[in-house]
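Here is the structure we will look at, set down as structure tokens.
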Amino acid sequence: MNAADDRYRRALAPLPMAWEQGPERRAAVLAPIAAEKGEDWLCFTVRRADLREHPGQIAFPGGVDDGDADPMACALRELQEELGVDPASAVLLGHLGTRISSSHYRVHCVVGRIPWPDPQRLGASEVERLLCVPLAQLTDLGRWQQIAPAPAPDGRSYSPSPHFRAGDDVIWGLTGRFAFALAQALACS
């Protein structure tokens, strides 16, 4: 274990994490931290534009409970499917609790350290590309904005959420809420 991982563990809720029950469908995501050139980065997927659900959005690797024993197992399965990362190489550090998505999923967020993802191993059926942002930028809380997005074409409206601009990309919505919660936890630790 390195010193950064020890700090992250202290800032996060401890594992294990059990499935929370509710009327919503259960899902889990992994907020993956990877190191490159001595710096920690938080990695996201940019979803393919032709997907039925959440096309083109920035997300953590994750998905619906498929009979998984717990949120950790679900998140690790999705990590392998979307980023091509072997679950055995991930070190789970803690969790950020659950949130209800606008599409009525109860999403459990696990945080873990992974090896740097190989862009050639991305799950091409879901992932267009990888987006990694330095944690040092994300924990600069002044870079975040609370913005209410425009209503969706189907008329759904969204409550204000933390938005973070990373070049031409904007991290927002449920993913933005989890990423901001992680940034806050780390900034205060």
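Here are the numbers for the structure shown:
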item: Residue of P32, P23, P71 that the Gaussian network model of the chain assigns the largest fluctuation, springs spanning Cα pairs under 10 Å; result: P23
item: Cα lying deepest toward the dipole's positive end in the range 61-189, options Q146, A88, M72, charges on Cβ; result: Q146
item: Mean residue ellipticity (222 nm) of the chain, computed from DSSP H runs ≥ 4 via -39,500 (n - 2.57), nearest 500; result: -6500 deg cm²/dmol
item: Size of charge dipole - the chain - debye, nearest 20, with Cβ of Lys, Arg +1 and Asp, Glu -1, no other charges; result: 480
item: Whole-angstrom gap from the range 80-130 to the range 54-75, using each part's C-alpha centre; result: 7
item: Neighbour-count order for E20, E82, fewest beta carbons within 10 angstrom listed first; result: E20, E82
item: Among Q145, Q21, Q137, residue whose mean-square fluctuation peaks in a GNM of the chain (springs only between Cα atoms under 10 Å); result: Q21
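All of the numbers you see were taken from the coordinates with simple rules; none came from a lab. Everything numeric in this text was worked out from a predicted model, so none of it was measured. For neighbour counting, all protein chains shown are included, and Cβ atoms are generated from backbone atoms with ideal geometry for every residue, glycine included.
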